[in-house]
């Protein structure tokens, strides 16, 4: 770690470059993970809440946690998984 700080002391513009790289990595990670978050949030919302402005589960809305149980309990959904 001392070598990194020595490099920064000798070339202070490298700090800006390093900060830019870190910022770009954060943007790329957010760009990649947001669709997964969006899909998860929409999967636990009620259908009439999908187009609303409720984004944070358990703070802005109470998600119905029995949706997955209801899907597996229905005969049409569970039948292919039983034969495999």
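For residue 5, the criteria (1) part of a helix (DSSP H, G or I); (2) within 18 Å of the chain's Cα centre (by Cα) hold in every case but one, which is (2). Close contacts from segment 15-38, counting a first residue that is closer than 30 Å to residue 3 by Cα and a second that is at pLDDT below 95 and part of a helix (DSSP H, G or I), with Cβ to Cβ under 6 Å and a gap of 6+ residues or different chains, come to 15/8.
The values are calculated or read from the model by the stated rules, or taken from the named source; none is laboratory data. All figures in this text were calculated on a predicted structure; none of them were measured in a lab. Neighbour counts are summed over all protein chains in view; Cβ atoms, including those assigned to glycine, are modelled from backbone coordinates with ideal geometry.
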